[in-house]
Amino acid sequence: MRAVLAPEALEAIVDVLRRRDWRVIAPTVRDKAIVYEEIASAAELPVGWKDVQGPGSYRLERRDDEARFGYAVGPQSWKRELLAPSVRLLQIKRTNGSLEAAKDDAERKRTAFFGVRPCEVAAIKIQDRVLVGGPYADEDYLARRKRSFIIAVNCGEPAANCFCASMGTGPKAEDGYDLVLTEITDGSHRFLAETGTDEGAELLAELAQQPATDADVAAAQAVTDGARERMGITLEREGVHELLLDNLEHPRYDDVAARCLACTNCTLACPTCFCTTIDDVNDLSGESAGRVRRWDSCFTLQYSEMHGGGTRRETKSRYRQWLTHKLSTWHDQFDTLGCVGCGRCITWCPVGIDIREEVAAIRATQEAKS
Ligand code: SF4
Ligand code: SF4
């Protein structure tokens, strides 16, 4: 189903979902960045803002229109809603001499993700494959995923670090959503809405709408075509799996290690990175004990700790592990690459290390040899 919505219909979307007692998580401006938070009104969207991104830099600027989605992705991803940064796996309390296991008290409401970009839809599909697509499903992730409802928004304003077009994950979402919107600002501000599921169609049916004409569909296509053209091909996917595995001792890894701070930002901001660790937490009185899972990163020394110490003691080996996993061995494990081209690891790297540049540098020497 397709229809055209006026900008005011976004408020109706939020109203309908909140009347159902769903949480609505959407982009909003906080601390000079666009973050994902629960909203109560579409007025909380970043109306009239755009983001200017570069390696190691990010700032918001005013647009000269009232676009609701005139920016790319910010520091957070939907990972924090599905693979939460911290999850209590177990809590045991001593009560009157006996031990009681407390139930998980995590939020159980249905949750609408409003404003999911196509690369982020692709990242969710990758995490689905990793976390619930094998023989053992991650129960917490699965429960959160089943509660989710995805309203995607196709991209018309890629940031300088976006390269979804070269990873085949955007700027137009092909599937994986309940409803997808394309914002059209060609003089008549409107949204082309397209449904992906029956639930998406039920929501659309509750909104004031106009039939979509061929001109509306063409205008929406022009939005994503324009975004694709402005992005170009920025990471050559062809042959990258073999390229990296054939160059494990490439001198470029010494170069990047001299710049990398091993700060973990890239992995925490990445929408597909899924590494976690588990902490046991006991109180001093001995009355309560718990087990907590929290995000971890392959950039820490502790991550590969075994008897005798960490196996990746140098930053060089940690960066190489990350890059080769993203673009080579991830494919061997999960039949997909581990990168969707969102650009977050470039923008939020404090020293501006750029995955596209690192791959290109290795490829350049390979091509010079052949
Ligand atoms: S590796 Fe970088 S560009 Fe690729 S998905 Fe992760 S954060 Fe985005
Ligand atoms: S590549 Fe950048 S963001 Fe990632 S660990 Fe190194 S310095 Fe931090």
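In the stretch 264-282, what residues are away from ligand 1 (no atom under 16 Å from the Cβ) and in contact (Cβ under 8 Å) with a residue 60 or more places away in the chain?
276, 278 - these are the residues of the stretch 264-282 that are away from ligand 1 (no atom under 16 Å from the Cβ) and in contact (Cβ under 8 Å) with a residue 60 or more places away in the chain.
For residue 223, indicate whether it is open to solvent by 20 Å² or more (accessible area, probe 1.4 Å), in a helix (DSSP H, G or I) and closer than 30 Å to residue 359 by Cα.
Criteria met by residue 223.
Name the one entry in 322, 348 that is in contact (Cβ under 8 Å) with a residue 12 or more places away in the chain and touching a Ser or Thr at 6+ places or on another chain (Cβ under 9 Å).
Only one candidate qualifies: 322.
Among the small types (Gly, Ala, Ser) and in contact with a Lys or Arg (Cβ under 9 Å, 6 or more places away or on another chain): is that true of residue 26 in this structure?
no
Would a scan of the stretch 242-252 turn up a residue that is open to solvent by 80 Å² or more (accessible area, probe 1.4 Å) and within 23 Å of residue 163 (Cα to Cα)?
Yes, the stretch 242-252 contains at least one residue that is open to solvent by 80 Å² or more (accessible area, probe 1.4 Å) and within 23 Å of residue 163 (Cα to Cα).
Restricting attention to the stretch 291-308, which residues are open to solvent by less than 20 Å² (accessible area, probe 1.4 Å) and more than 12 Å from ligand 2 (Cβ to nearest atom)?
Residue satisfying the conditions is 304 alone.
Provide a single number: the residues in the stretch 207-220 that are of a type outside the set (A, V, I, L, M, F, W, C) and surrounded by 15 or more Cβ atoms within 10 Å (Cβ to Cβ).
So the count comes out to 2.
Which count do you get for residues in the stretch 245-280 that are over 26 Å from the mean Cα position of the chain (by Cα) and in a loop (DSSP other than H, G, I, E, B)?
So the count comes out to 6.
Go through 257, 222, 212, 227 for me and flag whichever is more than 16 Å from ligand 2 (Cβ to nearest atom) and farther than 22 Å from residue 150 by Cβ.
Just a single option satisfies the conditions, and that option is 222.
Step by step: first the residues of the stretch 311-370, then only those that are in a loop (DSSP other than H, G, I, E, B) and charged (D, E, K, R), then the one that is nearest to residue 163 (Cα to Cα). Which residue is that?
The qualifying residue nearest to residue 163 (Cα to Cα) is 354.
Given 285, 317, which one is open to solvent by less than 40 Å² (accessible area, probe 1.4 Å), of a type in the set (Ser, Thr, Tyr) and either closer than 22 Å to residue 125 by Cβ or more than 16 Å from ligand 1 (Cβ to nearest atom) (or both)?
Sole residue among the options that is open to solvent by less than 40 Å² (accessible area, probe 1.4 Å), of a type in the set (Ser, Thr, Tyr) and either closer than 22 Å to residue 125 by Cβ or more than 16 Å from ligand 1 (Cβ to nearest atom) (or both): 317.
In the stretch 323-370, what count of residues is obtained for those that are on the phi > 0 side of the Ramachandran plot and within 16 Å of ligand 2 (Cβ to nearest atom)?
Of the residues in the stretch 323-370, 2 are on the phi > 0 side of the Ramachandran plot and within 16 Å of ligand 2 (Cβ to nearest atom).
Does the stretch 320-342 hold any residues that are in contact with an Asp or Glu (Cβ under 9 Å, 6 or more places away or on another chain) and open to solvent by less than 10 Å² (accessible area, probe 1.4 Å), and which are they?
Those that are in contact with an Asp or Glu (Cβ under 9 Å, 6 or more places away or on another chain) and open to solvent by less than 10 Å² (accessible area, probe 1.4 Å): 323, 328, 340.
Against the definition (touching a residue at least 60 places away in the same chain (Cβ under 8 Å) and open to solvent by 70 Å² or more (accessible area, probe 1.4 Å)), how does residue 261 come out, yes or no?
For residue 261, the condition - touching a residue at least 60 places away in the same chain (Cβ under 8 Å) and open to solvent by 70 Å² or more (accessible area, probe 1.4 Å) - is met.
The values are calculated or read from the model by the stated rules, or taken from the named source; none is laboratory data. Owing to the predicted nature of the structure, the values given are computational and were not obtained by experimental measurement. Backbone-built Cβ (ideal geometry, glycine too); neighbour counts: all protein chains shown. Just the protein is used for accessible areas: all its heavy atoms, side chains included, with ligands, DNA and RNA removed. Shrake-Rupley method; radii C 1.70, N 1.55, O 1.52, S 1.80 Å.
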